[in-house]
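Novice: The structure under discussion is supplied below as structure tokens; questions concerning it will follow.
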């Protein structure tokens, strides 16, 4: 799995390095696999600032440093929520780019009622660029969903960087 993701991550790294820009990552249902994939590229420090797995309110608050009111009326695994997270991780880590994934991998009930197999990715870049993508697998297979969510997020990141 990481070997396959490394191929995409290497292309992402090349795009970021060519721009002289760095990225921060907020993994959700991907469980750290977006970050892990990027870190498979040698010399990742040249394009990767850091990130974390946002799996609870405590981790969300620590990584984003936003006041609670910002999240009022928002539901996880939505495009608005993923975009907010992408901007927050980018800004809080001082990166040019931020990517955030929020979803429900499955095999257990999501606390906010999100259907298993749903993932939303937000990307925030320079100049106010914000892009989002929804993935729906219609599956409750946790591991397969985590892999699918990660692959789609990396592919979406590559496409967004290439077109920016």
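Novice: Would you say residue 94 is surrounded by fewer than 20 Cβ atoms within 10 Å (Cβ to Cβ) and within 30 Å of residue 18 (Cβ to Cβ)?
Specialist: Against the criterion (surrounded by fewer than 20 Cβ atoms within 10 Å (Cβ to Cβ) and within 30 Å of residue 18 (Cβ to Cβ)), residue 94 qualifies.
Novice: A further question on this structure: Given the structure, is residue 54 touching a strand residue (DSSP E or B) at 6+ places or on another chain (Cβ under 9 Å), free of Cβ contacts under 8 Å to residues at least 60 places away in the same chain and buried (at least 22 other Cβ atoms within 10 Å of the Cβ)?
Specialist: Yes.
Novice: Output the number of the condition that residue 29 fails; it satisfies all remaining conditions of (1) surrounded by 13 or more Cβ atoms within 10 Å (Cβ to Cβ); (2) assigned to a helix (DSSP H, G or I); (3) touching a residue at least 12 places away in the same chain (Cβ under 8 Å).
Specialist: Result: residue 29 passes all but (2).
Novice: Looking at 14, 3, which is the one that is at pLDDT below 95, out of contact with any helix residue (DSSP H, G or I) (no Cβ under 6 Å at 6 or more places or on another chain) and assigned to a helix (DSSP H, G or I)?
Specialist: 3
Novice: Report yes if residue 38 is in a helix (DSSP H, G or I), modelled with pLDDT of 95 or more, out of contact with any helix residue (DSSP H, G or I) (no Cβ under 7 Å at 6 or more places or on another chain) and over 19 Å from residue 129 (Cα atoms), otherwise no.
Specialist: It is false that residue 38 is in a helix (DSSP H, G or I), modelled with pLDDT of 95 or more, out of contact with any helix residue (DSSP H, G or I) (no Cβ under 7 Å at 6 or more places or on another chain) and over 19 Å from residue 129 (Cα atoms).
The values are calculated or read from the model by the stated rules, or taken from the named source; none is laboratory data. Source: prediction; values computed, not measured. Cβ: placed from backbone, ideal geometry, glycine included. Neighbour counts: every protein chain shown.
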